[in-house]
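The structure appears right after this line, and notes come after that.
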């Protein structure tokens, strides 16, 4: 049995292709509607699996082409993050057989395909694991800067997330580490090459430059809907980060930034001395930005891909508090009134200070001078 899958996002195509072949289907993939139509005519599939929102040609246009021949009854299954009722109804009016809304598990996808065309007669079927794998609604690139993280890097947590959440790509940036961080990262990537990559900076440039290089690297790949960054120590966990992505997707914000606000129902843990210093620095930052941010320095942020050139093309003037520069660049471009409608601070449910922080108390004091430098440079 032959299946044609059409989607313009490689991460989704690779995951779907792998699972369908494990089930014994013969699979061809197309990265655009036009390529899909060409393959449909030559491949003659038993089922077409197609996305709706694609750059060159809508999935509905692909359906129209296939159904233009009244004798063509090949089952068509739509799998899309587009949940608009009108789009769904238009799909059924055009003759699709089923519509799956992302996020959706690979197991549900397989069950719907089996219902439409049956199960291949083969002895080589690889059964699904007990781990539920979810095709996400959006394709998200996440930069994780790493400097001498050999002892702190939780490889199993990263592997588990990348395996379960298909559509996320984790890009670890090795910032000229002097320990075995690069070796650890290469081991982490093995077996997860589609979802995990390593960008190696030979020279240590600081967190700001590592994040900048990583963001520009991922921006070159057009499949990503959103790009963001996360600290390697996972002080912010993936569940909170995924919530930031959902907020961005369901709003008109350009940036959604995590906030480590202490409040009822949240597990926010900081060293007492560091907490006092953070509060002091935050008061200075608020006076510089002239915007009511509670926590610019949280290491979890997600943003629309279209603002990446604006924020990351030019090197930052500080190594650690580049987050403030990001907001200053946004304010300078959009204006004070508009920018406050484009950035959202979202309180985290959990944030735990991790031992081994690269930012010492001495560095915290130096930050005051760096903030003065930012204030002067961005006047």
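The values are calculated or read from the model by the stated rules, or taken from the named source; none is laboratory data. These numbers come from a predicted model, not from an experiment. Cβ sites come from the backbone with ideal geometry, for glycine too, and all protein chains shown count toward neighbours.
Exactly one condition in (1) surrounded by 19 or more Cβ atoms within 10 Å (Cβ to Cβ); (2) touching a helix residue (DSSP H, G or I) at 6+ places or on another chain (Cβ under 7 Å); (3) closer than 29 Å to residue 193 by Cβ is false for residue 76; which is it?
It is condition (3) that residue 76 fails.
Taking helices (runs of 4 or more DSSP H) that fall entirely within the range 204-317, which contain at least 1 residues that are modelled with pLDDT of 95 or more and either touching a helix residue (DSSP H, G or I) at 6+ places or on another chain (Cβ under 6 Å) or outside the structural domain of residue 330 (by TED's automatic domain parsing) (or both)?
It comes to 207-219, 308-312.
Could you check the range 177-197 and list, in sequence order, the residues that are assigned to a loop (DSSP other than H, G, I, E, B), surrounded by fewer than 19 Cβ atoms within 10 Å (Cβ to Cβ) and without any contact (Cβ under 8 Å) to a residue 60 or more places away in the chain? Spell out the reasoning first.
To start, the set of residues in the range 177-197 that are assigned to a loop (DSSP other than H, G, I, E, B) comprises 177-180, 190-195.
Checking the rest, the ones that are also surrounded by fewer than 19 Cβ atoms within 10 Å (Cβ to Cβ) come to 178-180, 190-194.
178, 179, 180, 190, 191, 192, 193, listed by residue number.
Since residue 56 meets every condition but one in (1) buried (at least 17 other Cβ atoms within 10 Å of the Cβ); (2) under 24 Å from the mean Cα position of the chain (by Cα); (3) under 21 Å from residue 221 (Cα atoms), which condition does it not meet?
Condition (1) is where residue 56 drops out.
Quickly run through the range 162-185 and pick out the residues that are touching a strand residue (DSSP E or B) at 6+ places or on another chain (Cβ under 7 Å) and more than 11 Å from residue 200 (Cα to Cα).
Within the range 162-185, 162, 164, 165, 166, 167, 168, 169, 170 meet the criteria.
Being surrounded by fewer than 20 Cβ atoms within 10 Å (Cβ to Cβ) and in contact (Cβ under 8 Å) with a residue 12 or more places away in the chain: is that true of residue 200 here? Write out each step before concluding.
Numbers: surrounded by fewer than 20 Cβ atoms within 10 Å (Cβ to Cβ): yes; in contact (Cβ under 8 Å) with a residue 12 or more places away in the chain: yes.
Yes.
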